[in-house]
Amino acid sequence: MGLGYRILLGLAVAGLFLLLGLPLAAVATRVPPADLLARMGDPMLVEALRLSLVTSAAATALVVLLGLPVSYLLATRSFPGKRLLEVLIDLPMVLPPTVAGFALLLAFGRNSPAGRSLAVLGLSIPFTTLAVVLAQAFIAAPFFISATRAGLSEVDLRYLDAAATLRASPARTLLRVMLPLAFPSMLAGAAMTWARALGEFGATITFAGNLPGVTQTMPLAVYVALQQDVDAAVAMSVLLLALSVGILLSIRLAPPWFGLLDRARARRP
Amino acid sequence: MLELDVLSRRGGFELQAGFLAAPGSTTVIVGESGAGKTTLLRLAAGLDQPDRGRIALDGVVYAEPDAGIAVPAWRRDVGYVAQDYALFPHLTVEQNVAFGLRAGGVRRAAIAPRVAEALRRAGIADLGRRKPSMLSGGQQQRAALARALVLDPRLLLLDEPLAALDLQTRRLVRAELRDLLRALGCVTLYVTHSPIEALLFGDRIVVIEAGRVSQTGTRDELLRYPRSRYVAELMGTNLFAGRVGAGPGAATVRTGDGDLAVGDPGEPGEVFLTVDPRQITIHPHPPEGSAQNVFVGPILELAPEPPSGERIRVVLGTRPPLVAEVTRDAVAGLGLREGMTVHASFKATGIRTYR
């Protein structure tokens, strides 16, 4: 490796570190740890954290429930309009979240056909906790679907053939062979979706508003706190940061975990 | 009884094959790679469906496109061992073997004893708790066989069951597998490209060449009466197809590659002629003596014959092409080496003709 090459490489790494690392370091070191700890009991923070955890978990569950069949379809079948469906599914990843939130508002708002139908039943989605879940699911779904789809398509056809010659119906093959083999990918995809849902801001504030205790999740609370009490915003930011790092790290460290899981399973025949 | 008569077209490749296979017997399907052996096995298993024809096992029709019948693999009474075994990597050996029983709706209480019995019979009773990745090739082969046989299938399909093993293990497993298959009451189809395995395992041998059955018969029939150059090569003999004329010139048979002097040509018409490689003598110089068939050409290959290498196969670029078999001493004595031009001779009476 030439010296010039090494210098270029070093500059790139340093540049990226400045761009990504410096802001994170700035947040993490802004307030002394003891003060941070004291801030963790702040009612606004606790309320927002509770809401964030509940809604992001619900959104992840919703995405897994609806995304799994779609991923299976995309991984195993070809059908007319497949490309279009793929583009549609990827769209939320590149769409500005505020646009997504606005679209949701137009679709489920009081004056939309769907909104009017729901109003007949006495239901209204916008500016409710349900709206938060829908906004998060809308934005975060592509992460789970693309990871799961890739995981399912990577399952070797030999195993599916073997299952078929061992009396396993297609449904049983999916349940006992495909899903277990694709499980690491699914878990990674679900974790990414959860992390993305946890950080969702734009679509939430547009579609669900900013009502403390109802729709004010952590990212929204950070934004509000920033205008009143910077240290409170820092405390919440550090907490969010720690959660995100925790999720990403657990994905990276997943393989040894699966080993443990496997050993636990192997004990019962 | 397995009745199979199928036509399958897939991406420019056409397979057409038909044969019967009796219960308690092993039918070896032998051919070069790409000849259609695995396709045939997949059709029998139900992993693929034929375009035309019929597959029936003990009177139950599994596939008949014209009648709209296409029973999927999981509803067929078959056991299938894939070439690379395809043991489920996320399950233990026990769970692999139990998989088919569970899927087949066998009572929970009956599963464990049947699994244990299958593992014991396969000689891997103590490996049940291991993952497939912790097994040697030979152990994986046994586990895959146990997984298929625990279901007591009426049709057992083996796709190159020994090809993934190293030589030493293969020899060991081969003898075991032969005893095992002999004791089974089901119809067994055994796919291989190895002549040794074909002769060792095949009660009947079906030879496939380029998607067509070129010959079906017992081991002896194939050895004595090969009907294609591939079969002859498989069986290690020289084969020619020619035409016996009428009248005084009858003893000279015209083949596509030249004329052969034959001792007893028989009636005029199309004939097959074989020459045992051991009947052919090699000379560095034009031979004197009574042999009527003498051909000149280069030595293309000198290959020692198993097991001792005491005999050497000499592949000759003569016209017609010949394979001779001589002793190692003869090779040394005559100074034979590849590329050398030699004379190959054999007597007219050394040729066997049949129709």
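The values are calculated or read from the model by the stated rules, or taken from the named source; none is laboratory data. Everything numeric here is computed off the predicted structure, so don't read it as measured data. Glycine gets a Cβ as well: all are built from the backbone with ideal geometry, and neighbour counts include every protein chain shown. When the accessible area is computed, the model is the full protein with side chains, heavy atoms only, and any ligands, DNA or RNA have been set aside. Shrake-Rupley method; radii C 1.70, N 1.55, O 1.52, S 1.80 Å.
Mind listing just one residue for me: the one in the range B:82-108 that is more than 9 Å from chain A (Cβ to nearest Cβ) and among the aliphatic types (A, V, I, L, M) and, of those, nearest to the chain's Cα centre (by Cα)?
Top of the filtered list is B:97.
Inspect the range B:157-167 for any residue being out of contact with any helix residue (DSSP H, G or I) (no Cβ under 7 Å at 6 or more places or on another chain) and without any contact (Cβ under 8 Å) to a residue 24 or more places away in the chain and give the result as yes or no. Quick ask: steps written out before the conclusion?
Kept after step one, since they are out of contact with any helix residue (DSSP H, G or I) (no Cβ under 7 Å at 6 or more places or on another chain), are these residues of the range B:157-167: B:158, B:160, B:163, B:167.
Checking which are without any contact (Cβ under 8 Å) to a residue 24 or more places away in the chain leaves us with B:167.
Yes, the range B:157-167 contains a residue that is out of contact with any helix residue (DSSP H, G or I) (no Cβ under 7 Å at 6 or more places or on another chain) and without any contact (Cβ under 8 Å) to a residue 24 or more places away in the chain.
Is at least one residue of the range A:178-199 in contact with a Ser or Thr (Cβ under 7 Å, 6 or more places away or on another chain), part of a helix (DSSP H, G or I), open to solvent by less than 30 Å² (accessible area, probe 1.4 Å) and within 14 Å of another protein chain (Cβ to nearest Cβ)?
Yes, the range A:178-199 contains at least one residue that is in contact with a Ser or Thr (Cβ under 7 Å, 6 or more places away or on another chain), part of a helix (DSSP H, G or I), open to solvent by less than 30 Å² (accessible area, probe 1.4 Å) and within 14 Å of another protein chain (Cβ to nearest Cβ).
Looking only at the range B:138-172, filter to residues that are among the aliphatic types (A, V, I, L, M) and over 30 Å from residue B:3 (Cβ atoms); which one of those is surrounded by the most Cβ atoms within 10 Å (Cβ to Cβ)? Walk me through it before giving the result.
So the first thing to find is which residues in the range B:138-172 are among the aliphatic types (A, V, I, L, M), and the list is B:143-146, B:148-151, B:155-158, B:162-165, B:167, B:172.
Then drop every residue that is not over 30 Å from residue B:3 (Cβ atoms), which leaves B:143, B:164-165, B:167, B:172.
Details: B:143: 26, B:164: 17, B:165: 18, B:167: 8, B:172: 12.
The selected residue is B:143.
Quick check: anything in the range A:235-248 open to solvent by 20 Å² or more (accessible area, probe 1.4 Å) and polar (S, T, N, Q)? Steps first, answer last, please.
First, pick out the residues of the range A:235-248 that are open to solvent by 20 Å² or more (accessible area, probe 1.4 Å): A:237-246, A:248.
After this cut, where a residue has to be polar (S, T, N, Q) as well, the list is A:237, A:244.
Scanning the range A:235-248 turns up at least one residue that is open to solvent by 20 Å² or more (accessible area, probe 1.4 Å) and polar (S, T, N, Q).
May I ask you to list the residues in the range B:244-264 that are closer than 18 Å to residue B:350 by Cα and either of a type in the set (S, T, N, Q) or out of contact with any Pro (no Cβ under 8 Å at 6 or more places or on another chain) (or both)?
Within the range B:244-264, B:252, B:254, B:255, B:259, B:261, B:262, B:263, B:264 qualify.
Cβ-Cβ distance below 9 Å, separation of 6 or more or different chains: which pairs start in the range B:114-141 with a residue that is within 12 Å of chain A (Cβ to nearest Cβ) and end on one that is outside any helix (DSSP H, G or I) and among the aromatic types (Phe, Trp, Tyr)?
B:132/B:85; B:132/B:88
Would you mind listing the strands (runs of 3 or more DSSP E) fully within the range B:2-79 where at least 2 residues are free of Cβ contacts under 8 Å to residues at least 40 places away in the same chain and surrounded by fewer than 22 Cβ atoms within 10 Å (Cβ to Cβ)?
Details: elements: B:2-10, B:13-21, B:26-30, B:52-57, B:60-64.
Ranges flagged: B:60-64.
If residue A:159 passes every condition in (1) modelled with pLDDT of 95 or more; (2) within 19 Å of the chain's Cα centre (by Cα); (3) of a type outside the set (A, V, I, L, M, F, W, C) but one, which one does it miss?
Failing condition for residue A:159: (2).
If a residue must be closer than 19 Å to residue B:22 by Cα and either open to solvent by 70 Å² or more (accessible area, probe 1.4 Å) or within 14 Å of the chain's Cα centre (by Cα) (or both), how many such residues does the range B:173-184 contain?
4
Suppose we keep only residues that are within 30 Å of residue B:76 (Cα to Cα) and not in a helix (DSSP H, G or I) within the range A:119-162. Which one would you say is least open to solvent (accessible area, probe 1.4 Å)?
A:155
Specify which of the listed residues (A:173, A:165, A:206) is in contact (Cβ under 8 Å) with a residue 12 or more places away in the chain and either under 30 Å from residue B:77 (Cα atoms) or buried (at least 23 other Cβ atoms within 10 Å of the Cβ) (or both).
Details: A:165 fails: in contact (Cβ under 8 Å) with a residue 12 or more places away in the chain; A:206 fails: either under 30 Å from residue B:77 (Cα atoms) or buried (at least 23 other Cβ atoms within 10 Å of the Cβ) (or both).
Unique residue meeting the criteria: A:173.
Suppose the filter is within 8 Å of chain A (Cβ to nearest Cβ), hydroxyl-bearing (Ser, Thr, Tyr), closer than 20 Å to residue A:169 by Cβ and in contact with a strand residue (DSSP E or B) (Cβ under 8 Å, 6 or more places away or on another chain); does residue B:62 pass it? Outline the logic, then answer.
Values: within 8 Å of chain A (Cβ to nearest Cβ): no; hydroxyl-bearing (Ser, Thr, Tyr): yes; closer than 20 Å to residue A:169 by Cβ: yes; in contact with a strand residue (DSSP E or B) (Cβ under 8 Å, 6 or more places away or on another chain): yes.
Taking the combined requirement at face value, the residue does not satisfy it.
Do any helices (runs of 4 or more DSSP H) lying entirely in the range A:32-118 carry at least 3 residues that are under 16 Å from residue A:145 (Cα atoms) and open to solvent by 50 Å² or more (accessible area, probe 1.4 Å), and which ones are they? Please lay out each step first, then the result.
On the way: elements: A:33-39, A:43-76, A:82-94, A:97-108.
Once the helices (runs of 4 or more DSSP H) in the range A:32-118 are filtered for at least 3 residues that are under 16 Å from residue A:145 (Cα atoms) and open to solvent by 50 Å² or more (accessible area, probe 1.4 Å), what remains is A:43-76, A:82-94.
I'm told residue B:247 meets every condition in (1) touching a residue at least 24 places away in the same chain (Cβ under 8 Å); (2) on the phi > 0 side of the Ramachandran plot except one. Can you identify the failing condition by its number?
Failed condition: (1).
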